[in-house]
Structures are given as structure tokens and as C-alpha cells.
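Nothing in this text is a laboratory measurement; each read-out follows from the coordinates by a stated rule. The structure presented is a predicted model; accordingly, all values stated were derived computationally and were not measured. Don't worry about glycine lacking a Cβ; one is built from the backbone with ideal geometry, like all the others, and counts go over all protein chains shown.
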Amino acid sequence: MTELAPNQAPGRSPVETEEAPLLEVVDLKKHFPLKKGLLSRVGRKVYAVDGVSFHIKQGETLGLVGESGCGKSTVGRTVLRLLDPTAGSIRLNGRDITGLSKTAMRPVRREMQIIFQDPYSSLNPRMSAGDIVEEMLRVHGIGTAAERRQRVAELFERVGLRKAQMNSFPHEFSGGQRQRIGIARALALNPKVIIGDEPVSALDVSIQAQVINLLMDLQAELNLSYLFIAHDLAVVEHISHRIAVMYLGKIVEYTDKKTLFTNPQHPYTEALLSAVPIPDPTIRRKKTILQGDVPSPIQPPSGCHFHTRCPYAEERCKVEVPALKTYAPGHVVSCHLR
Ligand code: SF4
């Protein structure tokens, strides 16, 4: 097992074709200082994202998975530059966008969009569905009013809504339909990358499948790249090409979907997988029940952050931080036992 070379994005193996990634994130950190006391003295920090690297090629989906509080949504928001990174770099189409000002980010935002988790609260209840989608075009000064309406009508039909529903308000739609409005809004500016921040977690299982299938159809048609964030491996299984597993601000395992599901190497991935139902009753998977919640990112456990919950933890796990190493081509893991 070899340690990653500096700046080598994990998961990019030497045997992989050297197609330039559309989105490349290297050693991304986002720490939130905690203010305390009367004089607002800066005290401790929340280590929400603590050295995360990955890349996504055009037309590819990377699933980013971990329990609530592991920092995966912060990764999405920092990559979009809705939050300023503490350290690291974000490159879109070869261009470093890490330090761009708000004004310089404006045209870049057209290329990267987000679909939020909660379709109930992410849509303005006082605006019609058509206006919500059109607003994206208006804010970016695209087209005449008539051209924008035409584009919105096309988007509605593309995401499985009726043109007549453009005049309806968010409360008149079902949860799945509201998420379709969110998808139409994300598509309005013809982005290259879409970050889905738990985009189906608030939906019923049957509706989840419909929305995931819609996203996959759109990807095939428009060659979109997705960073698909979820807390559940079952949700990302269908849509992802590769999967990164996050625990307490760090990626602990990163590989292609098939390898992750058939040959997981990190005990945390093993535990997440044991909660995924297997359709074939003859196949048995080892059950690992995780005890307790994710520890606080304000004071993460020493050594391997996972040692407080890991069934295989050894003494050295409490003191030595495991490096993220290449376990096999295209497969990286951070565990002392691998
Ligand atoms: Fe478990 Fe130790 Fe591996 Fe961490 S390094 S995952 S505590 S065995």
C-alpha cells in the first residue's frame, strides 16, 4: 500500500485514462472559528472539512457519503464557494476558483449549481414555480422576458412537469414535483456541474427512484457531472460511478462503486454497507452496528477519528493518524490495518 504523492487526488490511479477532471478539489479545509466570551475572543474551531481531495470528470457522478455532521454538505457549499475555504484548492475546468472574488465568481456560478435537500424550504412560497426558475435567468441577464418564459417552459417539460404548472405556487406541488422544480432551476443556466445536497433524502422511497432516474437521464443527455451527497449508501448506489466515504471532516475511503460495494476496506464503510438492504436473500453481509453518534468536530478524537466507534481499534489507532493510502489502483483507504 503506497502513500499518496503530494497533491495526488485520491482515486485517480495511474492506470486511469488521463482525461482532465472537470472539477478537482485538493486538500480542501473549512474550519469555523467559535467565538466565545464577552470580548468575542476566538476560541476553538469546528473542523467541518479537514483535508478533502477528489475529482469529477465530465459526465461522471461522485457519491459523497457519511452520517449527518460528517461535513459532506460543507464540502458541497465550499466547492460552490458559498463558503470561503480555509485552505486547499478548487479547480473547475482547469481554472483555480479558490480565491475568486464574489464578482469574479458570478460567471463561474453559471457552470456550477446546487439542488438542495429540502424542496419544501428551498423554494420561495410567494413566487410561482415559473418565476422561481426564471429568476435564475433574469439575475444573470439572459434573454428577453419572452425568451426566458420559453426556456422555462422547455425546462418544465424536460423535468416532467407540465407547462401549465408554471403559474402554480410551491404549496400546490407534491414533494417530488417540488424537487423537479429545484432541478429545473439548477438546469436553467446550462451548468456543467450540479451538486446535489441530499437531493432525495426528504422524499418517499418510490419518489426517490423517480428523481434519481430523472437525474441520470439528464446526465446522459447533457453530459452533466454530479457531486451527489447523501447519508445513505443505498441512495448513491444507483447513480454514482465512484464513491467517497467521509467521516468527521475527512475522506476515509474512495473508489469505484463496484469495488466499494463488493470489497470495502475501511471499517466505517463496512458499517455503512451493513445497513444497505441486499435484494438477494441468499447473499449475507457481515453486520456491523455502529455505537453512538459521530463525535463533535470541535474536538475530534485523537489518532484515527473513528477509533471511538471502530470494532477493530488498536492502541496505536488512539494516537497515530492513519494516512490516506492507495490500497489498490483507484482505491484509497485510511486505516492502519490496510
Ligand atoms: Fe479502526 Fe484503527 Fe482502522 Fe481507524 S485506523 S478504522 S480505529 S482499525
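To test your reading of the geometry: what angle, between 0 and 90 degrees and rounded to tens, separates the Cα axis of helix 205-222 from the longest principal axis of the chain?
Value to nearest ten degrees: 80.
Where nothing but the Cβ of Lys and Arg (+1) and of Asp and Glu (-1) is charged, how large is the charge dipole of the chain around its Cα centre, in debye to the nearest 20?
900 debye
Go ahead and estimate [θ] at 222 nm for the chain from helices alone: -39,500 (n - 2.57) per DSSP H run with n ≥ 4, summed, over the residue count, rounded to 500.
-8000 deg cm²/dmol
Order 299-308, 239-248, 212-221 from most to least packed using the mean count of other Cβ atoms within 10 Å.
Order by mean packing, descending: 239-248, 299-308, 212-221.
By the scheme Lys and Arg +1, Asp and Glu -1, what is the net charge of all other residues having a beta-carbon under 10 Å from that of Gln113?
Cβ neighbours under 10 Å give a net charge of +3.
Is the stretch 196-243 best put as rounded, prolate or oblate by its Cα gyration tensor, with a ≥ b ≥ c the root eigenvalues, rounded for a/c under 1.5, and otherwise prolate when a/b is larger than b/c, oblate when not?
oblate
Express in nm, to one decimal, how much length is gained between Leu100 and Ile298 on full extension, taking 0.36 nm for each residue of separation and deducting their alpha carbon distance.
Difference between extended and current length: 68.5 nm.
Under a 5 Å amide H to amide H cut-off, with H placed in plane at 1.01 Å, what residues pair with Leu28 once short-range neighbours are removed?
HN-HN under 5 Å from Leu28: Gly51, Val52, Ser53, Ser89.
So if I average 1/r over every pair of distinct C-alpha atoms in the chain and take the inverse, what Kirkwood radius in Å does that give?
Its Kirkwood hydrodynamic radius stands at 21.1 Å.
Please give the peptides 91-98, 226-233 ranked by average Cβ packing (other Cβ atoms within 10 Å per residue), highest first, as a rough proxy for protection.
226-233, 91-98
Given an 8 Å cut-off on Cα distances and at least 6 residues of separation, report the relative contact order of the stretch 143-221 as a percent.
Normalised by residue count, the contact order of the stretch 143-221 is 28 percent.
Let me check against my output: what whole-number percent is the relative contact order of the chain, with C-alpha pairs under 8 Å and at least 6 apart?
Computed value for the chain: 23 percent relative contact order.
Between the stretch 209-268 and the stretch 65-128, what is the separation of their alpha carbon centroids in Å?
Taking the Cα centre of each part, the stretch 209-268 and the stretch 65-128 sit 18 Å apart.
Once you've got the Cα coordinates, tell me which of Lys258/Lys287; Lys192/Lys325; Lys45/Lys72; Lys257/Lys318 are over 23 Å apart.
From the list (Lys258/Lys287; Lys192/Lys325; Lys45/Lys72; Lys257/Lys318), the Cα-Cα distance tops 23 Å for Lys192/Lys325; Lys257/Lys318.
From the square roots a ≥ b ≥ c of the eigenvalues of the alpha-carbon gyration tensor of the stretch 103-157, which class results: rounded (a/c under 1.5), prolate (a/b over b/c), or oblate?
oblate
Along Cα→Cβ, 7 Å out, is where each label goes; now give me the distance between the ones at Tyr312 and Leu222 in nm to one decimal.
Here the modelled spin labels are 4.1 nm apart.
Please give the residues of the stretch 230-259, grouped as numeric ranges, whose backbone N is less than 17 Å from a label point set 7 Å along the Cα-to-Cβ vector of Ala275.
230-238, 244-250, 252-253
Can you compute the modelled spin-label distance between Ser168 and Glu135, with each label point 7 Å from Cα toward Cβ, in nm?
1.9 nm
Mind giving me the nanometre distance, one decimal, between the label points for Val319 and Asp232, set 7 Å out from Cα along Cα→Cβ?
Each label point lies 7 Å from its Cα, and together they span 4.2 nm.
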